[in-house]
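First the structure, in the form of structure tokens, and then the observations on it.
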Amino acid sequence: MGEVDPAFIQDPDHRPKLFIIEGGGIPLIDLSPIISPDSITDPKAIEGVVREIGSACKGWGFFQVINHGVQLDKLRNIETAARKLFALPLEEKRKIRRDEKSVLGYYDCERTKNVRDWKEVFDLTVEEPTLVPASPDPEDKEETEWHNRWPEYPPEYREACEEYAQEILKLAMRLMGLIALSLGLPENRFSRYFKDQTTSMTLNYYPPCPSPQLALGVGPHKDGGALTVLAQDEVGGLEVKRKTDGEWIRVKPTPNAYVINVGDSLQVWSNDIYHSVEHRAMVNSEKERFSIAYSLKPSHYTLIKPLEELISEENPAKYRPYNWGKFLTHRKLTNFKKLNVENIQIHHFRLSE
């Protein structure tokens, strides 16, 4: 990627500002009270973590976690393997390039809101094969399977990805339990939705960009799933739209921390108690950047709707139900086609007040 092709240039309203507001206030939550063996005997410490998570989901839609129990060597292994993969010649990477038929693998033409992202990605599914609807058409009852496509080199790549994914799954489900408790629900309230999960993982590589003021690594967007667990390197570049004033706030990389954000599905389940928040990835002219996004997503047959326990006469459901699998396959299609219409969003299912 040399000079900036017009396909990458953001609309003036979305172009990054040249000054950075560092992320003061984005909560940093220490999970050691629930990870340590003593946690069983200290309910007060667990209550404190639950309160912090609830407050972060409500106020920011984003938070970072430390002392999370993920084995550090698993993260180092996947980072090393990813660097080797993205350093391969383009013709090698394109042997596992994804397309409309095989939606997983390498890709270098990703779009967000119809503008090309300044990045290369490798997508994989966590549960293989993953069962999904064959098309977004509500009348089409056909199902299809998504299978991962693995590179020949580096040989350790597949194992590194699979081992890391299993580690993060444990953390993600633990967080969903804490989020359930923060909403006054039983800890296992969300577990039923992930029996045949459609969870995915994306390894992102952002090359140096000659005009970082015109392009974005990923344009402004919200995540459709339940929860995203992001590992970002020391270069950083993730920015979050602050709910209070709409300012873009840089999430400063914290060593060995994970960045967690609420997805659209969780916003609907919570009936807007918690909000999925817009975020984007910046690029810079000098340094390459890597990140790994783990997107916890429900089974394709899940009907996403506000939970009964969180609605009442005074607080009625704010969304009509929608099928997760159809939502997901619609989103996948837009990765390959430039559309003249807005991508599917949860506000399309919002009930009028």
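The values are calculated or read from the model by the stated rules, or taken from the named source; none is laboratory data. Everything numeric in this text was worked out from a predicted model, so none of it was measured. In this analysis, Cβ positions are derived from the backbone assuming ideal geometry, glycine residues included, and neighbour counts consider all displayed protein chains. When the accessible area is computed, the model is the full protein with side chains, heavy atoms only, and any ligands, DNA or RNA have been set aside. Shrake-Rupley method; radii C 1.70, N 1.55, O 1.52, S 1.80 Å.
Quick look at the values:
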| item | result |
| --- | --- |
| Subset of segment 310-351 (residues that are open to solvent by 40 Å² or more (accessible area, probe 1.4 Å), at pLDDT 75 or above and more than 28 Å from Ser182 (Cβ to Cβ)) | His330 |
| Any hit, segment 45-61, residues being at pLDDT below 65 and charged (D, E, K, R) | no |
| Single condition Glu128 does not satisfy, out of (1) open to solvent by 30 Å² or more (accessible area, probe 1.4 Å); (2) at pLDDT 95 or above | (2) |
| Test: residue in segment 177-186 that is out of contact with any Phe, Trp or Tyr (no Cβ under 8 Å at 6 or more places or on another chain), open to solvent by 10 Å² or more (accessible area, probe 1.4 Å) and of a type in the set (Gly, Ala, Ser) | yes |
| Pairs with Cβ under 7 Å, 6+ apart, first in segment 183-203 and under 19 Å from Lys326 (Cα atoms), second among the basic types (Lys, Arg) and open to solvent by less than 60 Å² (accessible area, probe 1.4 Å) | Gln197/Lys297; Thr198/Lys297; Thr199/Lys297; Ser200/Lys297 |
| Residue check, Glu286 part of a loop (DSSP other than H, G, I, E, B), free of Cβ contacts under 8 Å to residues at least 12 places away in the same chain and open to solvent by 60 Å² or more (accessible area, probe 1.4 Å) | no |
| Scope segment 237-281; condition aliphatic (A, V, I, L, M) and under 28 Å from Asn67 (Cβ atoms); matching residues | Leu238, Val240, Ile249, Val251, Ala257, Val259, Ile260, Val262, Leu266, Ile273, Val277, Ala281 |
| Cross-chain or 6+ apart pairs with Cβ under 8 Å, segment 67-87 first and in contact (Cβ under 8 Å) with a residue 40 or more places away in the chain and more than 21 Å from Glu152 (Cα to Cα), then of a type in the set (A, V, I, L, M) and assigned to a helix (DSSP H, G or I) | His68/Ile35; His68/Leu171; Gly69/Ile35; Gly69/Leu171; Val70/Ile168; Val70/Leu171 |
| Segment 139-151: number of residues that are in contact (Cβ under 8 Å) with a residue 40 or more places away in the chain and open to solvent by 90 Å² or more (accessible area, probe 1.4 Å) | 2 |
| Any chance Gly237 is at positive phi, surrounded by 23 or more Cβ atoms within 10 Å (Cβ to Cβ) and at pLDDT below 95 | yes |
| Qualifying residues in segment 268-283 (those that are open to solvent by 10 Å² or more (accessible area, probe 1.4 Å) and in contact with a helix residue (DSSP H, G or I) (Cβ under 7 Å, 6 or more places away or on another chain)) - the one farthest from Trp248 (Cα to Cα) | Ile273 |
| Lone qualifier among Glu100, Glu110, Glu145 - being out of contact with any Phe, Trp or Tyr (no Cβ under 8 Å at 6 or more places or on another chain) and farther than 29 Å from Ser285 by Cα | Glu145 |
